[in-house]
Structures are given as structure tokens and as C-alpha cells.
Amino acid sequence: MRRGANLALAALLGAAASLLCSNAFAYCSEPSAPSCASSFGEFGDQWEFDRCKREMESYKDDVETFIGCNNDEAEAAIRKARDDSESAKSEYNDAVEAFNRRAGN
């Protein structure tokens, strides 16, 4: 019964971690280029140029944030995969030990 409780707890913790990971990175969204970047023709005046330049600088910051966010999400996924692998290996080893005990080895 204890092993079943441990497996249930592990499943619950895994589900909670998965939920936390997906929520932690829910803010990652790819930014869109400002419309002024793809407009045709020259800027009408200095104000329009300055406004578009500020939008482009903001877009650059947004892209850098998005890249960092994606990198963080990838690193979290790698950590989770490693943890899941270690957990599976541990459960396998426990099962082999239990089998060997029952077999008298």
C-alpha cells in the first residue's frame, strides 16, 4: 500500500509541477513588429520618425524578452525531463530490488 501511496504522491507532484511550469511561462508571447516598420514611403515628419524609432526600440526589447522567456521554458523542460528520467530509473531499481527480495536473491 505504501508504494501505491508513493506513486500517487509522485503523480500528484508531477501534475502540479507541470501546471506550474505551463503557468509560469504563460506570459511568453511572440511580439509583433510595429506597423510603422513595414509602411511604404518616407516618414511624414520628425515626430513620425521619432515615434517609429521608439516603437522599434520597444520591439527590440520585447523580442529579447521573448527569446529569454523561450530559453527559460526550454531549460525548465530539460530539467523536468531529467527529473522524470531519474524518477523512472529509481522506480525501476526499486521494482528490481523488490522482485529480487521476493525471488530470494
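The values are calculated or read from the model by the stated rules, or taken from the named source; none is laboratory data. All figures in this text were calculated on a predicted structure; none of them were measured in a lab. Remember, those area values only see protein heavy atoms, side chains included, never the ligands or the DNA or RNA. Shrake-Rupley method; radii C 1.70, N 1.55, O 1.52, S 1.80 Å.
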Carbon and sulfur atoms account, in whole percent of the 1.4 Å probe accessible area of the range 23-105, for 51 percent
Once the in-chain neighbours fewer than 8 apart are removed, the aspartates and glutamates whose Cα is under 20 Å from residue 53 read 30, 42, 45, 61, 62, 64
In whole Hz, the Karplus estimates of ³J(HN,Hα) for the range 65-81 (6.51, -1.76, 1.60; θ = phi - 60°; x where Gly or Pro) are 5, 4, 4, x, 4, 4, 5, 4, 5, 5, 5, 5, 5, 5, 4, 5, 4
